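Asks: Shown below is the structure under consideration.
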Amino acid sequence: MKIKFKYAIYILIIGSFFSLTSCADAGDDSNIAKAIALGSPIINNATDVNSNSFKISWPRVYDADNYELDVATNNTFESYVTGYQAKPVSTLNEQVIGLKEATNYFYRVRAINSSETSKNSAVIQVTTLEGNDPEPTTYLKEASTTFMVGMAVKAEQLTNGSKYDEILKNEFSSISAEYEMKMNIIEPTKGNYDWSKADAIVDYAIANGINVHGHALVWHESAPDWLANYTGTDAEFEQEVKNYITAVLTRYKGKVASWDVVNEAINDSNGALRNSIYRQKMGDNFVAKCFQFAREADPDVLLFYNDYAVTTNKTKQTAIFNLIDDLQANNTPIDGVGFQMHIKYNSPSVDEIKTAVDKAVERDLKLHFSELDVRVNPNKDITTFTTERAVAQKNKIKEVVSVYNAIPLENKYAITVWGMKDDDSWVINQYNNTNEWPLLYDSNFEIKKAHTGFLQGLE
Ligand code: G3I
């Protein structure tokens, strides 16, 4: 009897515990269910990661009948990988397939049974590996059947049998002088012309059946000191410029197919004409005058206006095309426009490139992407050339080339790359950044993913 009483006490205590719990839950059955809700999976890191797939797995969740898997390219799950939004999975693992190389992905999983769905697991990030680019089966100039592929060169690189020479002959159908056909090199002192470097470049091109694009007749940064600090009258200054243009175009008539007549005449900040020595001495119509001098010296050569940030700086873009509209309205002989295309791995966008390109096409101009390079480290946030940046650079070059390749044939001229190998590039000095890799070849003359991107843009 004593024992039975003791059990009764226990039953009472346990009973009151349950009744207290029920009171606290105010008799809500669904809340009781919540207290023992279906657990969310504890997800594992991805395994078997390669360039287009990875495998994910998780331990079984008690009472789960099935699972749902999400895979997205952003950690807020707004951009799902096709087929991987709440994908039902009846096992405890999944091979995620059809992915892009060197790309970040995010995944999570939920448990489900006939009556409920668990909360999401933690979100895990995984980056696919780089894929192997196929060995090229054609050279750039062979793959590009409707426009020339150009390279900026220095005379010293053109020694017969050098690595530069070998690659130039194989891959490129046009060359521009990186600096040796500018006025500070050709006429370093008043009236004394030094044609040695320019001749070496032009002769090399002719000997090897390569086009020459002349760069550049009038550029404030390459005005020789004697001209930049000119002490004569404005009329004498203008005559010096005319003499120079005439001398250069006469010497290279029939040898140099095209020239950047005026380079970078527009300000970055407000789209006004840059207040260069040329503008100060020759007036606001100095651009038109220079084109006129060039045409008088050579009736057949193609004449280009060349500038940078044409795709990204909208104020400047408008000003450049206003300048060109004025030239055309006044029958000034302009044949084409050069977009330098010193760009970054993440800018400009395809739409920005197309918008600027359309403006050239609408005006019946030849278009030259005249100084292409793609910085991968503009914010100095990497110290080695990561696969992710190499792929981004490749994709950007592919976009640039494919936008160019889609323009009408009559507007095409060339895409010129501004230097052969990464460590030759002007951007290293300009931005004081040795951690830059902006070109198509690495410092050992090996082709980069960027080179594959160029070829893919031509497909
Ligand atoms: O003047 C000396 C010359 O006497 C000497 O023979 C030579 C030996 O290396 O050095 C010469 O200085 C060179 C200078 O140009 C001459 O103007 C530098 O080495 C050379 O690196 C320098 O920079 C060039 C720059 O234009 C100025 O001409 C860059 O290589 C070239 O990439 C850069 O190109 C410009 C485009 O023309 C226009 N758009 C922007 C682009 C980058 O700034």
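Asks: Which of rounded, prolate or oblate describes the range 312-459 when judged by the alpha-carbon gyration tensor and an a/c cut-off of 1.5?
Replies: Judged from the Cα gyration tensor, the range 312-459 comes out prolate (a/c at least 1.5, a/b above b/c).
Asks: Give the accessible surface of the range 275-361 per residue, rounded to a whole number of Å², with probe radius 1.4 Å and ligands, DNA and RNA excluded.
Replies: For the range 275-361, the solvent-accessible area averages 38 Å² per residue.
Asks: Let me ask something else about it. Using helices alone, I'd like the mean residue ellipticity at 222 nm for the chain: each DSSP H run of four-plus residues gives -39500 (n - 2.57), total over residue count, nearest 500.
Replies: Calculated mean residue ellipticity at 222 nm is -10500 deg cm²/dmol.
Asks: Let me ask something else about it. If you stretched the chain out fully between Glu116 and Ser196, how much longer would it get, using 0.36 nm times the residue separation minus the C-alpha to C-alpha distance?
Replies: 20.6 nm
Asks: Please list Phe293, Phe54 from largest to smallest accessible area, probe radius 1.4 Å, with all protein chains kept in place.
Replies: Result, largest first: Phe293, Phe54.
Asks: For Asp194, enumerate residues with amide H under 5 Å from its amide H, sequence gap 5+ or separate chain, H modeled in the peptide plane.
Replies: Amide H neighbours of Asp194: Glu187.
Asks: In whole percent, how big is the carbon plus sulfur part of the accessible area of the chain, probe 1.4 Å, protein atoms only?
Replies: Here it works out to 49 percent.
Asks: Which value, in debye to the nearest 20, describes the size of the charge dipole of the chain about its Cα centre when Lys and Arg Cβ atoms bear +1, Asp and Glu Cβ atoms bear -1, and nothing else is charged?
Replies: So the magnitude is around 1600 debye.
Asks: Same structure, new question: Sum up the charges of everything whose Cβ sits under 15 Å from the Cβ of Asn45, counting Lys and Arg as +1 and Asp and Glu as -1, but leave Asn45 out.
Replies: Neighbourhood net charge equals 0.
Asks: Please give the solvent-accessible surface of His342 in Å², to the nearest 10, using a probe radius of 1.4 Å with every protein chain present.
Replies: Looks like 60 Å² after rounding.
Asks: While we're here: So for the range 311-459: antiparallel DSSP bridges make up what percent, rounded to the nearest 5?
Replies: Here the share of antiparallel DSSP bridges comes out near 15 percent.
Asks: How far is the Cα center of the range 149-189 from the Cα center of the range 101-132, in Å?
Replies: Each part's Cα centre sits 51 Å from the other's.
Asks: Right, something else. Does the chain come out rounded, prolate or oblate by the C-alpha gyration tensor, with a ≥ b ≥ c the root eigenvalues, rounded set by a/c under 1.5 and, if not, prolate when a/b is larger than b/c and oblate if not?
Replies: Judged from the Cα gyration tensor, the chain comes out prolate (a/c at least 1.5, a/b above b/c).
Asks: Show the residues, 5+ positions off or on another chain, whose built amide H is closer than 5 Å to the amide H of Asn66.
Replies: Ile112
Asks: Right, here's the next one. In terms of Cα to Cα distance under 18 Å, which aspartates and glutamates are near enough to Lys87, apart from those fewer than 8 places away along the same chain?
Replies: Partners within reach: Asp65, Glu68, Asp70, Glu78, Glu116.
Asks: Could I ask something else about it? Roughly how far apart, in whole Å, are the Cα centres of the range 374-424 and the range 429-453?
Replies: With the range 374-424 and the range 429-453 each reduced to a Cα centre, they are spaced 10 Å.
Asks: Further question on the same structure: Express the accessible area of the range 214-266 per residue in Å², computed with a 1.4 Å probe while the remaining protein chains stay in the model.
Replies: 38 Å²
Asks: HN-Hα J couplings of the range 58-63 from phi, Karplus 6.51/-1.76/1.60, θ = phi - 60°, integer Hz, Gly and Pro as x?
Replies: Here the 3J(HN,Hα) series is 7, x, 4, 9, 4, 6 Hz.
Asks: Could you state the accessible area per residue of the range 407-459 in Å², with a 1.4 Å probe and every protein chain left in place?
Replies: Ligands and nucleic acids excluded, the result is 39 Å² per residue.
Asks: With unit charges on the beta carbons (Lys and Arg positive, Asp and Glu negative) and the dipole taken about the Cα centre of the range 82-203, which residue among Ser174, Leu129, Thr91 sits farthest to the positive side?
Replies: The residue sitting farthest along the positive end of the dipole is Thr91.
Asks: Once the piece of chain linking Glu78 and Asn208 is laid out straight, how much longer is it, given 0.36 nm per residue of separation minus the C-alpha distance between them?
Replies: Once the chain is fully extended between Glu78 and Asn208, it gains 41.4 nm.
Asks: State the antiparallel share, in %, of DSSP beta bridges confined to the chain, rounding to the nearest 5.
Replies: DSSP beta bridges in the chain are roughly 40 percent antiparallel.
Asks: Now for a different question. With both bridge residues required to lie in the range 171-278, what share of the DSSP beta bridges run antiparallel, to the nearest 5%?
Replies: Of those bridges, close to 20 percent are antiparallel.
Asks: Given the protein chains as shown and a 1.4 Å probe, how many square angstrom of Arg108 are accessible, to the nearest 10?
Replies: 40 Å²
The values are calculated or read from the model by the stated rules, or taken from the named source; none is laboratory data. Small disclaimer: the values here were computed from a predicted structure and weren't measured. We place every Cβ from the backbone using ideal geometry, glycine too, and count neighbours over all the protein chains shown. Please note that ligands, DNA and RNA were not included when accessible areas were found on the heavy atoms of the full protein model with its side chains. Shrake-Rupley method; radii C 1.70, N 1.55, O 1.52, S 1.80 Å.
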